[in-house]
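Asks: One structure follows; several queries about it will come next.
Just so it is clear, none of the values below were taken in a lab; they were calculated from the coordinates. Just so we're clear, the structure is a prediction, and the values are computed from it rather than from any experiment. Quick reminder, even Gly has a Cβ in these numbers, built from the backbone with ideal geometry, and neighbours come from all protein chains shown.
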Amino acid sequence: MDRLWSPWRSDYVSTYDTDRRPSATDGSIFSRLIDEENDEENLILWRGDHVVVLMNLHPYNNGHLLIVPYREVGRYEALSREERHAVSDGIDRCLRWLRRALDPDGFNVGMNLGRSAGASIEEHVHVHVVPRWDRDTNYMTTTTETRVLPEDLTTTYRTIRRAIRRDDGAGADEDGSADDTAP
């Protein structure tokens, strides 16, 4: 029998509270994470005026980021002009931070809008920014449909946070003005 070890998942599996499964009135998982004040535990990397950037708990690749508006809407066209601009600025920030932190060869950037398009959290629009490397598709992916992530989430989180702190624009609001409260 083949075994694939992923010890970073043990915390998630062992702390999943089956009695606190979300109901339709709870809001999305994104809304609940945003409302909490445990950014590192919730993998929240940055908070802007209209959007938050967090790491995907179940990433396709290391550094898989999500740009999520604070306001919970299920349709892209329901976002305000300011929210759409903040999402666009968030893409720019994520690309810059990931280049600095992880030096990928390319990126996949996009949205899954609606369940039929692959949205697993369709009630809260969000953008995926996935770093890619020339060598990230190997026999595990092509023959067994299994992804092997070379680094645990906490290490990747800290690496990206360092890049955010070093980034010349990390202390700027979404409109480019200075913000002394940025992490």
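Asks: Relative contact order for segment 27-164 using alpha-carbon pairs under 8 Å, separation at least 6, rounded to a whole percent? All intermediate terms of the calculation are to be shown ahead of the outcome.
Replies: Details: 203 pairs, mean separation 38.5, N = 138.
After rounding, I find 28 percent.
Asks: As a footprinting exposure proxy, order D167, D152 by other Cβ within 10 Å, with the fewest listed first.
Replies: Numbers: D167 17, D152 14.
So the residues, fewest neighbours to most, are D152, D167.
Asks: Explain nothing, just the number: relative contact order of segment 29-87, from Cα pairs under 8 Å at least 6 residues apart, as a whole percent.
Replies: On the way: 63 pairs, mean separation 16.5, N = 59.
Dividing the mean separation by the residue count of segment 29-87 yields 28 percent.
Asks: Here's a follow-up. How do S88, S116, S31 line up, fewest other C-beta atoms within 10 Å first? Please report the intermediate quantities before stating the final value.
Replies: Details: S88 14, S116 8, S31 17.
Starting with the residue having the fewest Cβ neighbours, the order is S116, S88, S31.
Asks: Give me R115, R135, R32 sorted ascending by neighbouring Cβ count inside 10 Å, so fewest comes first.
Replies: Values: R115 10, R135 7, R32 13.
With the fewest neighbours first, R115, R135, R32 line up as R135, R115, R32.
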